[in-house]
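Chemist: Can you read through this structure? Questions will come right after.
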Amino acid sequence: MLENLISKWLLSDSISYVAPSVALASLFLFERRRWSLVNALHFSGVFVHELFHFLVGLVTMARPTSFSLIPRSEGGRLFLGSVGFVGLNWLNAWVTAAAPLLALPIIFSLATWRLESGPQHVQFWDVLVWLFIAPHFLHCWPSRADWKLVLISWPLAALLGMIFVLWTWARG
């Protein structure tokens, strides 16, 4: 009976479907300091994070020059991966730096696709999907270095803010 209720709840909507992945991601945060299978799972999240930077950099003419997935330590901080650019400017820096957020719509599209045929029972491959997408919840958020790159785009943010203020003022 309890198994049936849990199955119905998990398969009711996209947010409920990804809830186990969010729970696993929070557990992965506690296991990050020790080398284990969890660190191997983090690789897929880091790969997608850096891949989105690279691909959006190509599209926005930020001209990516390097792509690395080799962890390195600089100044006491661990960097799991990096992408270098030579063409970042105030127009493309914000979208290139925020590119890992594109993983969220993909994750929720996967959940919607899974639930498309209506509620069913939780299957073994659902557990594998939850395990695979959990690191993506950890790595879809832009890093500290990414947020510093977003600050390059402050003129664009100021321009959009002025347009919004003028639009609301003109509407009365």
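Derivation of every value follows stated rules applied to the coordinates shown; laboratory data play no part. Given the structure is predicted, the values throughout are model-derived calculations rather than measurements.
Chemist: Based on alpha-carbon centroids, what's the gap between segment 87-116 and segment 65-80 in Å, whole number please?
Modeler: Segment 87-116 and segment 65-80 have Cα centres separated by 22 Å.
Chemist: OK, next. Averaging sequence separations of C-alpha pairs under 8 Å and six or more residues apart, then dividing by the length of segment 2-170, give the relative contact order as a whole percent.
Modeler: Relative CO of segment 2-170 lands at 32 percent.
Chemist: Right, next: Work out, step by step, the length gained on full extension between residue 106 and residue 68: first 0.36 nm times the residue separation, then minus their alpha carbon distance; give nm to one decimal.
Modeler: Difference between extended and current length: 11.4 nm.
Chemist: Would you calculate, for the chain, the mean residue ellipticity at 222 nm contributed by helices, counting each DSSP H stretch of 4 or more residues as -39,500 (n - 2.57) and dividing by all residues, to the nearest 500?
Modeler: Value at 222 nm, helices only, nearest 500: -19500 deg cm²/dmol.
Chemist: Only Cα pairs within less than 10 Å get springs; with that Gaussian network setup on the chain, which residue of 98, 62, 23 has the largest fluctuation?
Modeler: Greatest mean-square fluctuation among the candidates belongs to 23.
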